[in-house]
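Please treat every number below as a calculation from the coordinates, not as lab data. Please read all numbers here as calculations on a predicted model, not as lab measurements. Here the Cβ positions follow ideal geometry from the backbone for every residue, glycine too, while neighbour counts run over all protein chains shown.
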Amino acid sequence: MSDMKIELDNEIYNVIIERKRTTKNTYIRVKENLDIYVTCNTLTTNHFIIKLINDNQKRIIKMIIIQKKKKAKEEFFYYLGKKYDLVYLNKKGITFGDEKVFVSSDFDLDKWYKKEALKIFQIELDKMYDAFIYKIPYPSLTIRKMKTRWGVCNVREHKVTLNLELIKKDIKYLDYVIVHELSHLLYANHSKDFWDCVGDNYPDYKKIRKELKQDE
Ligand SMILES: [Zn+2]
């Protein structure tokens, strides 16, 4: 779905035009999927945009190269502890092979991870909750990307937040983080009693905790 196509350096690119009443100047940027986005005023003509792109060819090609390099760096795909080669295809959606994962260039990986995490994290939370040997309130689950923590527990609201990044790791790490957060429903600190509670519900926790830390 592009507003126009343009040839640069022997390749065809989609140009997507976003017209805004409040925009005075015209801005060009290249998105991850290599579409060229032009933000401009409502009154800017297509003719003007084409001329602007042609006048700025060198700069745009540079932006395309930057995006291509960025993509080359992200050529691996991690899911539940397994590493796949990430291969971009012109086919919609996501397909799993033994060692490879195929996606279209505009595939929203984070959205897909989130969808998977909503299913898997809830199943694991229920599993660890049912197996928990002390009586605790049943918590609600939130999933989001976090920079510095694997999990957070809001003791008062009985709310557990898990880091979306856990979807990339072996499920044993997810289970440990869940037990850790569930234990906070009994102990809001990291006291000896807290760690005893973690150990009672996840005997191998010391090793797992160390591995998670090394990873950070
Ligand atoms: Zn903690």
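Structure summary
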{"read-out": "Relative contact order, percent, region 13-122 [alpha-carbon distance under 8 Å, six or more residues apart]", "value": "16"}
{"read-out": "Gap separating the Cα centres of region 149-216 and region 86-148, nearest whole Å", "value": "17"}
{"read-out": "Spin-label pair Glu211/Lys119, simplified geometry with 7 Å Cα→Cβ offset, distance in nm", "value": "2.4"}
{"read-out": "Around Asn41: net Lys/Arg minus Asp/Glu count, Cβ-Cβ under 11 Å", "value": "+3"}
{"read-out": "Chain lengthening between Thr142 and Val87 when straightened (0.36 nm per residue, less Cα-Cα)", "value": "16.8 nm"}
{"read-out": "Projected label distance in nm at Lys111 and Tyr27, using a 7 Å step from Cα toward the beta-carbon", "value": "2.2"}
{"read-out": "The chain: C-alpha pair distances exceeding 27 Å, %", "value": "51"}
{"read-out": "Among Tyr138, Val101, Thr45 the positive-end extreme of the charge dipole of the chain (Cβ point charges)", "value": "Thr45"}
{"read-out": "Residue among Cys153, Cys197, Cys40 with the largest mean-square fluctuation in a Gaussian network model of the chain, springs linking Cα atoms under 10 Å", "value": "Cys40"}
{"read-out": "Order of Ile143, Ile133, Ile61 - criterion: other Cβ atoms within 10 Å of each residue's Cβ, fewest first", "value": "Ile133, Ile61, Ile143"}
{"read-out": "Whole-Hz couplings from phi, Karplus 6.51/-1.76/1.60, listed for region 161-170; x for Gly and Pro", "value": "10, 10, 6, 3, 4, 4, 5, 7, 9, 3"}
{"read-out": "Lys20/Lys69 FRET efficiency (R0 25 Å; Cβ-Cβ; nearest 0.05)", "value": "0.25"}
{"read-out": "Out-of-range pairs (alpha-carbon distance over 29 Å; input Lys68/Lys168; Lys83/Lys127; Lys145/Lys210; Lys71/Lys127)", "value": "Lys71/Lys127"}
{"read-out": "Backbone HN-Hα couplings from phi across region 94-104 [Karplus 6.51/-1.76/1.60, Hz, Gly and Pro as x]", "value": "10, 10, 9, x, 5, 10, 10, 10, 9, 9, 7"}
{"read-out": "Nonlocal amide H pairs with Ile143, under 5 Å, H built at 1.01 Å", "value": "Leu162"}
{"read-out": "Proxy reagent accessibility, fewest Cβ within 10 Å first, across Glu124, Glu32", "value": "Glu32, Glu124"}
{"read-out": "Distance-filtered residues of region 1-25 - backbone nitrogen under 15 Å, label point 7 angstrom along Leu52 Cα→Cβ", "value": "3-4, 15-25"}
{"read-out": "Cβ-based exposure ranking for Trp150, Trp112, in which fewest neighbours within 10 Å come first", "value": "Trp112, Trp150"}
{"read-out": "Cβ-derived FRET efficiency at R0 30 Å, Lys5 paired with Phe76, nearest 0.05", "value": "0.45"}
{"read-out": "Cα-based reach from Lys20 at 21 Å (exclusive), listing lysines while leaving out same-chain residues under 8 positions away", "value": "Lys5, Lys31, Lys51"}
{"read-out": "Crossing angle, helix 46-55 versus the chain [Cα axis fit, 0-90 degrees, rounded to tens]", "value": "80"}
